[in-house]
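Remarks on the structure that follows.
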Amino acid sequence: MDHQRNGRTSLSRRSLLRVTAGGALALGGAATLSACGIPAAKKTAGVDSDDHSAKEKRISFSNWTEYMDVDDSEKRHPTLDAFTKRTGIKVKYTEDINDNVEFFGKIKPQLAAGQDTGRDLICVTDWLAARLIRFGWVQKLDPSNLPHAYANLSQQFRNPDWDPGRAYSYPWTGISTVIAYNKKALDGVEVKSVSDMLDNPKLKGRIGFLSEMRDSIGMTLLDLGKDPAKFTDDDYDAAIARLQKAVDKGQIRRFTGNDYTADLTKGDLAACIAWAGDVVQLKADSPDVDFVIPDSGYMTSTDNLLVPNKARHKTNAERLIDYYYEPGPAAQLAAYINYVCPVDGVKAELAKIDEDAANNPLIIPDAAMAAKSRSFRSLSTKEETAYEEKFAKLTGA
């Protein structure tokens with residue numbers, strides 16, 4: 001299903017499953033990866049690489065599909081063109097990331113062997129960024145090349161537990177997880193929390209949760225009064241049990257990837273856990289669709305820019321990261337992709353392009369919304385394997 005915004009067809013970055021098989025492969029341990037034909041990783045020391053930026057005015061940038069602004073012809077990327085015009089640095093921009101696990105499998109052999117991946121800049125979700133940093137497979141960034149990024153990064157994104165102070169990464173976008181609902185399908189039933197979704201018999205068989213473990217479990221933990229950044233094994237098991245009870249009594253219709261959007265628009269789902277970037281577009285197309293932020297809070301994850309080991313053009317890549325932390329380019333990007341902009345001071349610039357987007361808390365969170373944002377803590381390999389197995393059993397994956 002395509003959604004229209006600002007005259008463009010949007011297959012949002014999150015129209016693709018965040019991970020394969022509902023996350024079961026993505027976050028499993030070494031045994032899971034080996035079963036996929038990917039050898040178990042071995043941590044290596046960070047590899048210094050010769051930087052050819054001064055002589056070679058180019059960058060190779062790998063990103064997700066529909067995750068960059070385009071012009072009316074959908075053949076040019078205005079912000080990248082402007083960067084090249086200003087700096088003389090040509091960007092080989094490739095949308096070759098369809099899935100975190102698949103992409104990890106693609107670049108892992110070179111990284112494990114200490115070889116150049118052929119990419120200077122990559123964009124991956126926080127759990128994979130954490131893994132790459134843990135393995136020593138990405139380069140530490142030079143703050144002197146990132147003055148705008150350092151100054152303008154929003155406070156809520158500054159200190160993830162997997163990269164404190166953003167030594168190795170900067171967020172491309174934030175991905176907020178909220179409760180979306182269809183007003184007509186609710187027919188007067190109030191939904192303001194996960195408990196409302198799970199406990200009201202009038203909504204039986206019309207509730208959706210996501211096949212992404214961190215989002216569904218994270219939102220449930222919050223509803224149970226637990227902090228997803230600090231939870232224990234017992235807390236996790238309590239969240240699983242809470243959802244299992246809803247599955248057993250038929251309250252939850254199904255666990256979905258992005259395909260909840262069609263069910264929500266049609267009213268087959270009265271309410272569901274949803275990604276905010278999709279909700280922005282659905283609201284533009286369907287007057288019945290809206291969202292709510294629970295008082296208990298909501299989950300936020302990030303897609304992040306990193307420079308792999310042995311990249312030939314690290315300084316050029318850092319200059320591109322910094323460019324997208326200037327309010328002008330950041331606003332152009334946010335107006336197109338509709339996800340949370342991690343850049344402070346962008347609202348006035350975005351209002352010049354799209355006033356509705358500038359005033360939308362799903363794109364530019366206000367202070368109250370930012371204060372409710374929560375992140376899922378980093379997991380050990382053992383935890384990843386155990387938690388994903390339990391979640392897969394819950395969802396039937």
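The values are calculated or read from the model by the stated rules, or taken from the named source; none is laboratory data. Treat the numbers as computed from the prediction; the structure is a model and nothing was measured. Here the Cβ positions follow ideal geometry from the backbone for every residue, glycine too, while neighbour counts run over all protein chains shown. Accessible surface is based on the protein model in full, side chains and every heavy atom, while ligands, DNA and RNA are left aside. Shrake-Rupley method; radii C 1.70, N 1.55, O 1.52, S 1.80 Å.
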Sequence-distant residues sharing a close amide H with HIS313 (under 5 Å, placed H): HIS52
Note, ³J(HN,Hα) from phi for segment 86-92, Karplus 6.51, -1.76, 1.60, rounded to Hz, x at Gly and Pro: 6, 9, x, 8, 7, 10, 7
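Which percentage, to the nearest 5, of the DSSP beta bridges contained in the chain is antiparallel?
Details: 26 of 42 bridges.
Roughly 60 percent of the DSSP beta bridges within the chain come out antiparallel.
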In Å², nearest 10: area of THR261 left accessible to a 1.4 Å probe: 10 Å²
Exposure rank, largest accessible area first [TYR181, TYR336; 1.4 Å]: TYR181, TYR336
0 to 90° range, to nearest 10: angle between helix 213-223 axis and the chain longest Cα axis: 50 degrees
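Which FRET efficiency value, to the nearest 0.05, do you get for ARG58 and GLU95 by plugging their Cβ-Cβ distance into 1/(1 + (r/R0)^6) with R0 = 22 Å? Let's see the in-between values first.
On the way: r = 18 Å, r/R0 = 0.80.
Efficiency at R0 = 22 Å is approximately 0.80.
In what sequence, largest accessible area first, do LYS390, LYS382 appear using a 1.4 Å probe?
Numbers: LYS390 80, LYS382 170 Å².
Greatest to least solvent exposure: LYS382, LYS390.
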Probe 1.4 Å - accessible area at LYS347, Å² to nearest ten: 100 Å²
Probe 1.4 Å - accessible area at HIS52, Å² to nearest ten: 60 Å²
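Compute the FRET efficiency between ALA151 and ASP285 as 1/(1 + (r/R0)^6), taking r as their Cβ-Cβ distance and R0 = 30 Å, and round to the nearest 0.05. List each step's numbers first, then the result.
On the way: r = 37 Å, r/R0 = 1.22.
After rounding to 0.05, the efficiency reads 0.25.
Add -39500 (n - 2.57) for each DSSP H run of 4 or more in the chain, then divide by its residues: what number comes out at 222 nm, to the nearest 500 deg cm²/dmol?
-10500 deg cm²/dmol
Set the Förster distance to 35 Å, then compute FRET efficiency between ASP248 and LYS184 from the Cβ-Cβ distance, nearest 0.05. Intermediate results must be reported in sequence, preceding the final value.
On the way: r = 28 Å, r/R0 = 0.81.
In this case the efficiency is close to 0.80.
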Protein accessible area in segment 258-372, 1.4 Å probe - carbon and sulfur %: 48 percent
For segment 149-162, 3J(HN,Hα) per residue [Karplus equation, 6.51 cos²θ - 1.76 cosθ + 1.60, θ = phi - 60°, Hz, x = Gly/Pro]: 4, 5, 7, 9, 5, 4, 4, 5, 10, 6, 9, x, 5, 8
Radius of gyration and maximum dimension Dmax of segment 239-308, Cα, Å: 14.8, 47
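Measuring with a 1.4 Å probe in the full set of protein chains, what accessible area per residue, in whole Å², belongs to the chain?
Numbers: 15960 Å² over 397 residues.
Heavy-atom accessible area per residue stands at 40 Å².
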Virtual spin-label span in nm between LYS85 and THR65, 7 Å along Cα→Cβ: 3.0 nm
Distant-in-sequence amide H partners of TYR170 (H built 1.01 Å from N, under 5 Å): LEU305
Segment 136-146 - phi-based ³J(HN,Hα) in whole Hz, Karplus 6.51/-1.76/1.60, Gly and Pro as x: x, 9, 10, 8, 5, 7, 9, x, 5, 8, 10
